[in-house]
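Taken together, the values in this text are just the output of simple stated rules run on the coordinates, not laboratory data. Worth saying up front: this structure is predicted, and the values here are computed from it rather than measured. Virtual Cβ from ideal backbone geometry, glycine too; neighbours counted across all protein chains shown.
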Amino acid sequence: MAVAVSGLLTSGGSRSIAQTIPALTTTLPVCGEGYGRLISTQIVNFPAIETEHTVEIGEGMVSAMRANVHEGGLSLAAPVVLHGRYTFSDFDLTIPAGELLAVDGPTGRVYVPTDYVFKYQREGRPRGAGPGRPTVTLAVDPTDETRLIGVVNFGLTKSSYPVADATFSTGNCTVLGTDSFRRELIYSGVSQGTVSIEYREFINDMARPAFSQTLRYDLSEGDVIGFRGARFQILDASNIDIRYKVTRPLE
């Protein structure tokens with residue numbers, strides 16, 4: 001396969017690869033609002049390997065970017081209600097459905113809600129912030145990972161409450177921020193059987209012109225092309241779009 005590489009690219013724009021090809025090769029989900037400490041950094045590749053994709057001229061064909069792996073939060077599919085008693089008064093504490101923040105405490109990982117409703121049954125309305133309102137965390141039951149335990153802390157005393165029939169999920173997740181290094185290949189068109197593709201690098205979502213290249217591939221020599229470890233099979237190309245399959249991601 002003959003490949004021509006020409007001068008630096010200093011102008012022109014393209015739609016983000018994250019907008020045009022949402023598939024990830026990582027098995028980790030994208031973090032929601034509640035996630036914990038940074039665990040590691042990994043490379044995330046777009047799109048999925050061995051699947052067909054079609055993009056138009058100016059859109060990204062393939063991308064590799066750094067992603068931060070964090071301790072995932074806890075996601076509640078439905079509200080959790082705890083019933084207890086403090087200073088001879090019964091109370092109800094409701095944690096709404098949504099994301100809870102992961103925090104490593106002295107006894108292990110716990111999950112902190114961003115908001116909750118606390119009400120003594122003898123009172124007409126819920127307690128706001130201040131005296132008489134406890135803090136609350138949830139934790140996965142160490143003896144049964146399908147169950148949760150709620151811990152209500154009034155300061156001088158705290159009590160644990162098993163949570164029945166909670167629907168939840170936990171695990172690590174990824175954050176794909178703009179403050180990272182990203183590489184991508186962008187389709188530029190085809191002329192007389194020669195496909196043009198632009199290579200670009202970005203840091204903090206800003207292009208690095210000195211590291212940009214224009215690549216040209218003569219398809220008469222074969223439909224498999226490559227660049228920096230990546231391999232693509234070109235299934236069809238026109239001056240509107242290109243249909244292709246990635247067989248190996250960017251290194």
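Here are the numbers:
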read-out	value
Rounded FRET efficiency, nearest 0.05, which uses the C-beta distance separating Ile49 from Thr143 and R0 of 30 Å	0.15
Per-pair calculated FRET efficiency, R0 = 25 Å: Val175 and Gln213 via Cβ, rounded to 0.05	0.30
Residue-span extension gain [Arg66 to Arg125] - 0.36 nm each, minus C-alpha spacing	16.4 nm
Globularity index of segment 81-153, i.e. its alpha-carbon radius of gyration over 2.2 N^0.38 Å	1.16
Two-decimal Rg to Rh for segment 120-179 - Kirkwood Rh, Cα set	1.12
Simple Cβ-charge dipole of segment 124-194, Lys/Arg +1 and Asp/Glu -1, about Cα centre, in debye nearest 20	420
Positive-end residue, segment 90-184 charge dipole about Cα centroid, Cβ charges, pick of Tyr111, Ile95, Phe154	Phe154
Furthest towards positive pole of dipole, Ser75, Ala139, Gly128, structure part segment 67-144, Cβ charges	Gly128
Label-point separation in nm, Thr87 to Asn153, each point 7 Å along Cα→Cβ	1.9
Computed E for Val103/Asn239 - FRET, C-beta separation, R0 51 angstrom, nearest 0.05	0.40
